[in-house]
1. Using a loss threshold of 40 Å², tell me which positions in region B:22-59 are less accessible in the complex than in their chain alone. Probe radius 1.4 Å, ligands and nucleic acids ignored.
2. Using a Gaussian network model of chain B whose springs link C-alpha atoms within less than 10 Å, name the residue from B:VAL217, B:VAL204, B:VAL237 with the highest mean-square fluctuation.
3. Can you bin region B:229-286 into rounded, prolate or oblate? Criterion: square roots of the alpha carbon gyration tensor eigenvalues sorted a ≥ b ≥ c, rounded for a/c under 1.5, prolate for a/b above b/c, oblate for the rest.
4. Rounding to the nearest 10 and keeping the result within 0 to 90°, find how far the Cα-based axis of helix B:166-181 lies from the longest principal axis of chain B.
5. Report, ordered by chain and residue number, the lysines lying within cross-link reach of B:LYS92, taken as a straight Cα distance under 18 Å and ignoring same-chain residues fewer than 8 apart.
6. Measure off, as a whole percent, the carbon and sulfur share of the 1.4 Å-probe accessible area of region B:229-286, all protein chains present.
7. Using the Cα centre of region B:1-138 as origin and beta-carbon charges of +1 (Lys, Arg) and -1 (Asp, Glu), tell me which of B:PRO41, B:HIS16, B:GLY96 is placed farthest towards the positive end of the dipole.
8. Relative to the longest principal Cα axis of chain A, at what angle does helix A:53-62 sit, 0 to 90 degrees, rounded to 10?
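The values are calculated or read from the model by the stated rules, or taken from the named source; none is laboratory data. Note that this is a predicted model, so its numbers are computed, not measured. Heads up, the Cβs are rebuilt from the backbone with ideal geometry, glycines too, and the neighbour counts pull from every protein chain shown. For the accessible areas, the whole protein counts, side chains as well, though only heavy atoms, and no ligand, DNA or RNA atoms are used. Shrake-Rupley method; radii C 1.70, N 1.55, O 1.52, S 1.80 Å.
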Amino acid sequence: MNLVKSELFKIRSTSTWWILGLVTFVLWALTLLINWAGSSINSSPESTEGLTAEQAEQVRVANEAVNVASNLYTSGQFFGVLMVMLLAAIVVTNEFFHQTATTTFLVTPRRQSVVLAKLIASTLLGLTFWLITTVLNLIFVPFILDALNVGSQLGEPAIWRALGLNALAYALWAILGVGAGVLIRSQIAATITLSTVYVIGYFGATTIFFILGPRLGDWFSKLQVLVPPLASQLMVSGTELPGNPPRWVGAVVLIGYAVVAGGLGTWLMKRRDIA
Amino acid sequence: MTAGSEEIVVSHLTKHYKQLRAVDDLSFTVHSGRVTGFLGPNGAGKTTTLRMLLGLVTPSGGTATFGGVRYNDLDQPIRHVGAVLEASSAHKGRTGLNHLRMICTAAGLPWQAADEALAKVGLTPAAKRKFKGYSLGMKQRLGIAAALLGNPRVLILDEPANGLDPEGIRWMRDLLKALAAEGRTVLVSSHLLGEMQQLADDVVIIAAGRLVRQGPVGEVLGSMAGMTQVRVRTPQVEALTAALSARNATVTPLPDGALLVTGLDAAAVGHTAFTSSVELHELAGERADLEQVFLQLTAGKAGIR
C-alpha cells in the first residue's frame with residue numbers, strides 16, 4: 001500500500017500527468033465534435049452504396065440511436081487510452097531515464113512488489129482519466145443527442161454497459177502501458193513506438209480488414225478483435241454489431257495482452273541488473 | 001539485525017559478463033565504527049561490487065552480507081543501510097523535498113524525516129527547487145540526505161567526492177568521520193587517493209576485479225616501507241653515491257642537484273654518510289603516500305579490460 005501511495009506521489013510530483021491530461025482533454029473535445037458530425041440516426045440507404053450486404057447491415061445497426069449514443073458517450077476513448085498507456089509506460093521508463101530505479105529498488109528490493117504497485121497506480125490513473133471523460137460526456141452528449149432529435153438514451157442498459165466496459169478498457173490499457181514500459185526502457189523510444197504502433201496500427205489494421213475482409217471471408221474479419229485498439233472499440237459498442245464477435249471477446253483479448261505484458265514485465269524486471 | 005553486528009562481509013564475490021570477469025573471487029570485511037576506503041583504478045569493479053552488495057546486480061557467485069543478512073533479505077533495508085550511488089539519480093522535474101518524500105512514503109517513514117535529512121545536509125533553502133536546478137554538489141548532498149533518511153547503521157557511498165569543490169569535500173569528510181565516530185559502518189569508494197588518505201581508517205584496494213590489499217591505512221602504507229625514499233643533498237655527490245651503492249641502495253640524481261635514495265631509510269642514509277665522512281646539507285625521509293602505494297600495487301592491472 002505504501003508502494004502504491006509512493007507511485008501515485010511520483011506521478012503527482014512531476015508535471016507529466018497534467019500535460020498529458022490537457023492533451024487528452026483537447027483530443028476528447030475534438031473527438032466529441034467529430035463524432036457529433038459523423039453521427040446520423042438511422043442513416044439513408046445511399047450512404048451504403050459500394051458496401052457488401054453485410055457491411056451495409058453493420059452500418060444500419062451502428063446507426064441505431066442506442067449505438068450512436070454509446071459511441072458518443074464513450075467519446076475520447078481512442079486517444080484517452082493512448083494517453084493512459086503512455087503515462088503508464090512513462091511511470092516505468094522514468095525510473096531508467098532519471099536513474100531513479102536504483103533508489104526505488106534500494107528502498108524495495110522485492111521488485112515484483114514495485115511492478116505491482118506501478119500496475120495498480122497506473123490502473124487508478126487510467127480510471128481517473130476514464131471518470132473525467134465520462135463525466136464530461138454525460139454532461140455534453142445529451143445536448144448532442146437532443147440536437148439529433150433523440151432522447152438521452154440513458155435509460156438504455158446498453159449505454160451503461162458500454163461505459164463500464166470503457167472503464168475496463170482504460171484500466172487494461174494502463175496495464176499494457178506498464179508492460180510496454182518495461183520492454184522498451186528508453187523513454188523516447190517507448191513514447192514514439194507506442195504512439196506510432198497504436199495510431200498506425202489502428203488505421204492500418206482497419207484498412208487491411210476492410211479490404212481483405214470481404215474476400216477472405218468471415219473468419220478473417222473476426223480476427224480484427226486481435227488488434228488491441230479495435231478490441232477496445234468493440235468493447236464499447238452499444239449492442240452487438242452483425243459480423244462482429246461479441247463484446248466480451250474484446251475484453252478477453254485485452255486482458256490477455258495485459259496479462260502477458262504485465263507478467264513479462266515483472267519477470268524481466270526481476271532478473272535484470274540495475275546498473 | 002542487532003546493534004554492533006553491522007559488519008559488511010564480502011565472500012568470494014564474482015560477477016562475469018560474457019568474456020569479462022568484472023569482479024573475480026573478491027573477499028573482504030568492512031568493520032563498524034570506521035571509515036573504509038574502497039580503492040581501485042577506474043574500471044576495477046568497484047561500482048559493480050557495491051551494486052552486488054546492495055542487491056541491484058545479481059552476483060555470478062559468492063555472497064555479500066550486512067551483519068550476516070543479504071541486502072535483499074533485510075527487513076526495511078533503508079533503515080539498516082543507506083547508499084549513495086549516482087549523483088544524478090532523481091527526476092529532473094521533481095523538487096528535492098518531494099524526492100525524499102517519495103522515498104519516505106515507499107519506506108513507510110514519516111515525511112518529517114525528509115525535512116530533517118535536508119537540514120542535516122544543509123539543503124533546506126533549496127527544498128522546493130526542482131532537481132534540474134541543483135549544482136553537482138547539491139545533487140551529492142541530496143543523495144546523502146536520501147541515504148540518511150532511515151537513520152541507517154551502515155553507509156555506502158560510490159565516489160561521493162566527484163564534482164565537489166574543496167569546501168564540499170571537507171564537509172563530506174567531516175560528516176563521514178562523524179558518522180563513523182557514532183559507531184556506524186562507512187564504506188566509501190574512490191579513485192581519488194589523496195582524499196582517502198585523509199578520510200579512511202581502513203582501505204580495501206582492488207584492481208582488475210581482484211583484491212590487492214586490505215587493512216588499516218597505516219599498515220598498508222607500512223607494508224610499503226621497502227619503497228621508502230630519502231632525499232639528500234651533499235657537496236660530495238660521488239663519494240656518497242659510492243658509499244650508498246655499496247649498501248645496495250639505489251641512488252638517482254634529481255634535477256635540482258639533490259639525490260633520491262631508495263632501499264634505505266633516512267637513519268641508514270645518515271649513518272652511511274657519517275661513517276664515510278660525507279658532509280650532508282639536507283636529509284629528508286619521504287614517506288610513501290597512498291598514491292604511490294596505490295600506483296605500485298595496481299601497476300599493470302588497470303587499463304581497459
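1. B:ARG51, B:LEU56
2. Highest fluctuation among the options: B:VAL237.
3. Rounded, since a/c falls under 1.5.
4. The angle comes out at about 80 degrees.
5. Cα-Cα hits under 18 Å: A:LYS10, B:LYS128, B:LYS130, B:LYS132, B:LYS139.
6. Whole-percent figure for carbon plus sulfur exposure: 55.
7. B:GLY96
8. Once rounded, the angle reads 70 degrees.
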